[in-house]
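Following: one structure in structure tokens, then a few remarks.
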Amino acid sequence: MRPKKISKSTHKIDISLVDPDALKAVHKLRQAGYTAYLVGGCIRDLLLNQKPKDFDISTSAKPEEVKKLFRNCILIGRRFRLAHLRYGRKILEVSTFRKGDNETDSLILEDNVWGTPEEDVIRRDFTINGIFFDSELETLIDYVGGYEDIKKKYLHTIGEPFIRFRQDPVRMIRLLKFEARFGLEVDPKTRQALLECRSEIVKSSQARILEELFKMLESGSSKNFVTLMTKYGLLENLLPEISHFLEHKEGHEIYNFLDEIDMIIKEPHTPKPTRAILISALLFPILDEKLKLHVEKIPGKPPHLGLIQKEVSLFIDQIFRPFFHMPKRIKARMVTLLTSQYRLTPLEDRLVKRIRIPQTPEFYLGLEFFKLRARLEPALLTTYEKWNDAYTNYLKKKPPSTTSPRRFRRRRK
Ligand code: ATP
Ligand code: MG
């Protein structure tokens, strides 16, 4: 099939917005005799006037050939073999054109059969993600009608949606991610397929879904995303307790957190919350309700912090266990952070009589989460300020250690 070629005068992509290292990498591959294009999310984002998060390259060079060409290259993945070019913290993904099978609806376990550029876009998920950009000629190469769909803000799968979702159920989450992020209109057949295939979501890799969930919490559109995940019943399959709370109980409490998080992410100079803080926002209102019930049952005997810590740990397992395995490091941070909330404002007699900063470096996370709560509930602001002052004084007096909060803050996960 001949692709549609869209010239610069029509698409108007400003090449200066493309990462110079990505342009150089494409150039190097071409000089070595390979075909190479920019592809996928970065082209979609540029056409939608958004800043791309990462730049992906698609090429005729095999992973080993890419490795020979670039000193900063490592090869990763078994299910999907891929070259990573590393530039400090930044990574460019270089994938070899591969051929998929869009006719069979069984789960894809491996995707490493090399193919032509056309075959490579046809195995991609949505038309909006299937456009190549020839960065030397500054021309778009479109086999799937993605350019028009982007202009119409229309979202549909490449090929038969029922087959494409059964092959890889993560695509259903990706559909909602693009709907949430860009407010696209979803093709009715694709929507129908999502409704019919939603329970298959549990067949996919929990790690890939967790990654998409974290990416969405960091995207600035988390509220829209969680709303759609709930509406289409995907959340019910993955995180039933959260879904139930959102639909039947004080769901607005979680949505208020997400709203605030989206706002913080969009503020240019505010540091972005860490993943442990983001995911805790989904849990805190449910946890708080449970603990308060506990106190109501046995008045006058509020659980001490050690007991709360145990409850929090069990609670996190109970929420995620049906499907996810929360990485140990994030779970440990969530436990500290959520438990700290009851040090900052005890369950009974919510005024703190004595401010004492605990020795754990993770206390900083608890305070950060409390700050988020205070943004939602201004009555907490004075308490936050008291604790924050005490913590600042504590840091001034404390000898420097290897796990200082600054170090801590810089880590994203
Ligand atoms: P984001 O902006 O969140 O990174 P993205 O579309 O760029 O979104 P990536 O995970 O970076 O997502 O994937 C890069 C490209 O690979 C996509 O644009 C799409 O063309 C293709 N792709 C990703 N996941 C799938 C999938 N599950 N099935 C088919 N193609 C996929
Ligand atoms: Mg991407």
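The values are calculated or read from the model by the stated rules, or taken from the named source; none is laboratory data. What you are looking at is a predicted structure, and each value in this text was computed from that prediction instead of being measured. When we count neighbours, we look across all protein chains shown, and the Cβ atoms used for this are built from the backbone with ideal geometry, even at glycine. These area figures cover heavy atoms from the full protein model, side chains too; ligands, DNA and RNA do not enter into them. Shrake-Rupley method; radii C 1.70, N 1.55, O 1.52, S 1.80 Å.
For the reader, a short list of remarks on this structure follows.
- Accessible carbon and sulfur surface of region 1-152 relative to its total accessible area, %, 1.4 Å: 50
- Top of VAL186, VAL26, VAL295 by mean-square fluctuation, Gaussian network on the chain, Cα under 10 Å: VAL295
- Relative counts (whole %) of C-alpha pair distances in region 202-297, using bins that are 10 Å wide: 15, 47, 29, 8, 0
- Cleavage-rule hits (trypsin sites (Lys or Arg not before Pro)) in region 200-281: DSSP loop, at most 15 neighbouring Cβ within 10 angstrom: LYS249
- Less than 5 angstrom separates the built amide H of THR139 from those of ASP134, all sequence-distant by 5 or more or on a different chain.
- Residue-by-residue Karplus 3J(HN,Hα) for region 182-196, coefficients 6.51, -1.76, 1.60, Hz, glycine and proline x: 10, x, 7, 8, 9, 4, x, 5, 5, 4, 4, 4, 4, 5, 6
- Between LEU23 and THR35, residue separation times 0.36 nm minus the direct Cα-Cα distance comes to 3.0 nm.
- Angle in degrees between helix 328-344 and the longest Cα principal axis of the chain, rounded to the nearest 10: 40
- Once divided by 2.2 N^0.38 Å, the Cα radius of gyration of region 69-127 becomes 1.28.
- Computed [θ] at 222 nm, helices only, for the chain once each DSSP H run of length n ≥ 4 contributes -39500 (n - 2.57): -16000 deg cm²/dmol
- Extension gain (nm, one decimal) between LYS249 and LEU107, 0.36 nm per residue minus Cα-Cα: 47.5 nm
- Summing Cβ point charges (Lys, Arg +1; Asp, Glu -1) relative to the Cα centre of the chain gives a dipole of roughly 1960 debye.
- Across all directions, the average flat footprint of the convex hull enclosing the Cα atoms of region 153-246 is 5.5 nm².
- Per atom type, region 274-394 shows carbon and sulfur on 56% of its accessible surface, probed at 1.4 Å.
- Among PHE369, PHE70, PHE324, the largest mean-square fluctuation in a Gaussian network model of the chain (Cα springs under 10 Å) belongs to PHE70.
- With the simple spin-label model, which puts each label point 7 Å out from Cα in the Cβ direction, the HIS294 to LYS51 separation comes to 4.2 nm.
- Relative contact order of the chain, defined on C-alpha pairs under 8 angstrom at six or more residues apart (%): 10
- Against the main long axis of the alpha-carbon atoms of the chain, helix 20-31 sits at an angle near 30°.
- Folded to 0 to 90 degrees: helix 206-217 orientation relative to the chain principal axis, Cα: 80
- When you restrict to C-alpha pairs under 8 Å that are six or more residues apart and normalise by the size of region 1-152, the relative contact order lands at 27 percent.
- Convex hull volume per residue for region 274-394, taking Cα atoms only, in Å³: 109
- Here region 26-68 has an Rg and Dmax of 12.1, 35 Å, counting Cα atoms alone.
- Here's the picture: charge each Lys and Arg Cβ at +1 and each Asp and Glu Cβ at -1 in the chain, and of PHE132, ILE330, THR35 the one pushed furthest to the positive end of that dipole is ILE330.
- Taking 0.36 nm per residue of separation and subtracting the Cα-Cα distance, full extension of the segment from ASP134 to LYS310 would add 57.8 nm.
- Whole-Å semi-axes of the ellipsoid equivalent to region 1-152 (Cα gyration tensor, √5λ, descending): 22, 21, 14
- Size estimate for the chain follows the Kirkwood approach: the inverse of mean 1/r over distinct Cα pairs works out to 23.6 Å.
- Of ILE357, ILE254, ILE286, the residue with the greatest mean-square motion in the GNM of the chain, using alpha carbon springs below 10 Å, is ILE357.
- Counting only protein heavy atoms and a 1.4 Å probe, the chain has 50 square angstrom of accessible area per residue.
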